[in-house]
Amino acid sequence: MDLNTLWFWIIGILFIGFFILEGFDYGVGILLPFFGKDDDERRIIINTIGPFWDGNEVWIIAAGGTMFGAFPHWYATMFSGFYLALVVLLLALILRGVAFEFRSKDARRGWRHFWDWMIFVGSLVPALLWGVVFGNLIHGVPINAQKEFAGTFLTLLNPYALLVGVFAVAVMTLHGALFLLLRTENALADRVRSAVKRLWQIAFGLYVLTLIASLLATDMLARPTFPILAALLGGAALFAAYRLHQRQRDGWAFAMTAVTIAATLVTFALTMYPRVMISTLRPEWSLTIYNAAAMPYTLTIMSVVALVFIPLVIIYQAWTYYVFRQRVTRKTLEY
């Protein structure tokens, strides 16, 4: 494995970490207005992700930073071509962060109700747009010989990418519901538990539909790395998640939806490799891990830095989850 391939997979791992961790708190934010029947219950739902949500976003900062350092041409083409979509995504994330901070500043019902819905919007929009972004990456976009995006914002809103976006929302919502079962109890947990079956049916149906669409809209079957095997693993994990949920083994069910998210991203990576952006104009104009990469010396220095700091980040974040492992109840709100 050369350094170009190594960094392709390091970036992939960072994205997997981001979508597994940020995926459940997007899901919790999407579910907030529907399962919190009073202010205390909504505070409980928010507090389940309170210690984690901003730390989870560090993973996407790390992924974007390493993309800039390891594959500057990929970073430049993607962030300029997807500029408007990424700006909307960023504004939604800013709105979400503001909503978490502003909600508790006033006890009036209307004030808190407004910011609860802003948390919903700030969770739904990024989940949808991240799916659209990755749908376009695997489907391909118009890239010319100068490594420049030759489309428009409407180019990104093609049916396949939108389908991947809706699928991303469904899986993250299910992922968030299972996380709530691990962090809440009593009537609130019972309400979430009763909705998991419907959420799973939607997510599983969209998974199958997206897989079929991927076989038709991408060159997945032509790839020598057999990404279809990773896709089937993701589907099996999603099926197992519901069976484990039925047995009230919610921790394992949550782990299985995490496997589904990871397997989906591995499927995308295996379909793209060694390309990082696929050109729909001419195949030879696609960006690869070689023609989009930084100098070997840069990759070498980055490898040393990653070897030191990525384990530290993982250890620190694991410690955070351990410290805040208790369920959130009305008593913890009083405390």
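Per-residue answers, yes or no, for (1) small (Gly, Ala, Ser); (2) farther than 30 Å from residue 319 by Cα; (3) out of contact with any strand residue (DSSP E or B) (no Cβ under 7 Å at 6 or more places or on another chain):
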site: 16; (1), (2), (3): no, no, yes
site: 38; (1), (2), (3): no, yes, yes
site: 42; (1), (2), (3): no, no, yes
site: 60; (1), (2), (3): no, no, yes
site: 74; (1), (2), (3): no, yes, no
site: 84; (1), (2), (3): no, yes, yes
site: 109; (1), (2), (3): no, yes, yes
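Scan region 281-323 residue by residue and report those that are without any contact (Cβ under 8 Å) to a residue 60 or more places away in the chain and of a type in the set (Phe, Trp, Tyr). Matches in region 281-323: 297, 309, 316, 319, 322.
Scanning region 97-117 for residues that are among the hydrophobic types (A, V, I, L, M, F, W, C) and over 14 Å from residue 53 (Cβ atoms) turns up 102, 107, 111, 114, 115, 117. Report the residue count in region 114-166 for those that are on the phi < 0 side of the Ramachandran plot, open to solvent by less than 50 Å² (accessible area, probe 1.4 Å) and of a type outside the set (Val, Ile, Thr). Selection size over region 114-166: 25. Inspect region 313-327 for any residue being touching a Ser or Thr at 6+ places or on another chain (Cβ under 7 Å), at pLDDT 95 or above and outside any strand (DSSP E or B) and give the result as yes or no. No, region 313-327 contains no residue that is touching a Ser or Thr at 6+ places or on another chain (Cβ under 7 Å), at pLDDT 95 or above and outside any strand (DSSP E or B). Among the residues of region 193-250, those that are in a helix (DSSP H, G or I), surrounded by 18 or more Cβ atoms within 10 Å (Cβ to Cβ) and among the polar types (S, T, N, Q) comprise 210, 214.
Only residues that are more than 21 Å from the chain's Cα centre (by Cα), in a loop (DSSP other than H, G, I, E, B) and closer than 29 Å to residue 219 by Cα were counted in region 101-154, giving 9. Within region 38-93, if we keep just the residues that are open to solvent by 40 Å² or more (accessible area, probe 1.4 Å) and of a type in the set (Ser, Thr, Tyr), the residue that is nearest to residue 149 (Cα to Cα) turns out to be 80.
The values are calculated or read from the model by the stated rules, or taken from the named source; none is laboratory data. Because the structure is a prediction, the values reported are computed rather than measured. Every residue, glycine as well, gets a Cβ built from its backbone with ideal geometry; the counts of neighbours run over all protein chains shown. Calculation scope for accessible area: heavy atoms of the full protein, side chains included, ligands and nucleic acids excluded. Shrake-Rupley method; radii C 1.70, N 1.55, O 1.52, S 1.80 Å.
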